[in-house]
Amino acid sequence: QVSPVSEFDVVALRTDVVGDIELLEELLASARKRRAVGPDAKVLELLDRLSEISEEAERPDKDGVPEHDRRKVIVFSTYTDTVEDLHASVVAAIESAADDSSLAAYRGRIAPAVFGSRGKGNQQERSDTLAGFCPETAGELREDGTPLSDNLFDVLITTDVLAEGVNLQQAGRMINFDLPWNPMKLVQRHGRIDRIGSPHKRVFIGCFFPAENLDEL
């Protein structure tokens with residue numbers, strides 16, 4: 001429905017629109033300036049955690065869990081944009097890591113990012129990714145119980161599209177890169193690895209908590 005311009009205070013409306021545009025431009029400039037400062041501190045912290053996990057996985061395990069299974073990590077984030085950006089940052093950092101770095105063990109072992117929006121990735125591609133990450137619990141098995149899929153990936157970065165209905169207990173580590181508003185989402189995420197049939201006697205789940213000022217907000 002089109003309304004006549006006489007029903008509006010055009011001068012005030014134009015002033016508000018111009019003000020909004022100026023504010024958005026200021027926010028955009030601020031975001032670009034912050035990004036140019038250097039890498040995201042949260043990404044650096046995540047890389048530190050991955051490095052620690054890799055180092056721990058190299059040590060002998062009395063329960064006989066293979067090193068590659070003890071190195072497997074699922075990283076959850078709520079937003080597709082975060083998953084895409086985080087995946088690119090992690091891949092770049094690991095590919096450029098020194099050969100003697102503990103991160104080098106993850107080189108070529110990062111699964112494609114998984115998310116459900118924007119129509120990216122069909123169901124078969126997602127199934128193939130999960131089978132490559134956890135072939136023993138998320139892939140098809142032969143009659144003798146051995147997996148059909150090769151063990152291709154050690155790090156899986158995903159949105160909550162994988163928070164339900166998938167068996168990823170071959171991995172024993174999970175990191176929540178952000179906290180969802182609904183705490184039940186955390187329970188659902190954790191249930192991907194804290195499951196009957198896990199080869200791990202203990203699973204490890206970490207959370208990034210918001211900064212104090214954001215928590216107060």
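The values are calculated or read from the model by the stated rules, or taken from the named source; none is laboratory data. All values reported here derive from a predicted model rather than from experimental measurement. As a convention, Cβ positions derive from the backbone with ideal geometry for all residues, glycine included, and neighbour counts pool all protein chains shown. Calculation scope for accessible area: heavy atoms of the full protein, side chains included, ligands and nucleic acids excluded. Shrake-Rupley method; radii C 1.70, N 1.55, O 1.52, S 1.80 Å.
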Quiz prompt | Residue check, LEU168 in contact (Cβ under 8 Å) with a residue 60 or more places away in the chain and more than 25 Å from VAL65 (Cβ to Cβ) | solution = no
Quiz item: Checking ALA12 against (1) in contact (Cβ under 8 Å) with a residue 60 or more places away in the chain; (2) loosely packed, with under 10 Cβ neighbours inside 10 Å; (3) assigned to a helix (DSSP H, G or I), which single condition isn't satisfied?
Solution: (1)
Quiz item: Can you name the residue in the stretch 151-165 that is out of contact with any strand residue (DSSP E or B) (no Cβ under 8 Å at 6 or more places or on another chain) and at pLDDT 95 or above and is also most open to solvent (accessible area, probe 1.4 Å) among such residues?
Solution: LEU152
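Find the residue count for the stretch 200-217, including only residues that are over 17 Å from the mean Cα position of the chain (by Cα) and either buried (at least 16 other Cβ atoms within 10 Å of the Cβ) or at pLDDT below 90 (or both). Outline the logic, then answer.
If we filter the stretch 200-217 for residues that are over 17 Å from the mean Cα position of the chain (by Cα), which is where we start, we get 200-203, 211-217.
Then keep just the ones that are either buried (at least 16 other Cβ atoms within 10 Å of the Cβ) or at pLDDT below 90 (or both); that gives 200, 203, 211-217.
Qualifying residue count for the region: 9.
Yes/no matrix, rows are residues, columns are (1) small (Gly, Ala, Ser); (2) in contact (Cβ under 8 Å) with a residue 60 or more places away in the chain; (3) within 18 Å of ALA171 (Cβ to Cβ):
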{"position": "ASP63", "(1), (2), (3)": "no, yes, yes"}
{"position": "GLU67", "(1), (2), (3)": "no, no, yes"}
{"position": "LYS72", "(1), (2), (3)": "no, yes, yes"}
{"position": "VAL91", "(1), (2), (3)": "no, no, no"}
{"position": "GLU95", "(1), (2), (3)": "no, no, no"}
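Quick check on this structure: which one of PHE115, PHE177 is at negative phi, modelled with pLDDT of 95 or more and among the aromatic types (Phe, Trp, Tyr)?
Values: PHE115 fails: modelled with pLDDT of 95 or more.
None of the other options fit; the residue is PHE177.
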Exercise. Can you confirm whether the stretch 52-63 contains a residue that is touching a Leu at 6+ places or on another chain (Cβ under 9 Å), surrounded by 21 or more Cβ atoms within 10 Å (Cβ to Cβ), among the aliphatic types (A, V, I, L, M) and under 28 Å from ASN182 (Cβ atoms)?
Key: no
Quiz item: Filtering the stretch 15-40 down to residues that are surrounded by 10 or more Cβ atoms within 10 Å (Cβ to Cβ) and of a type in the set (Gly, Ala, Ser), which residue is nearest to the chain's Cα centre (by Cα)?
Solution: ALA31
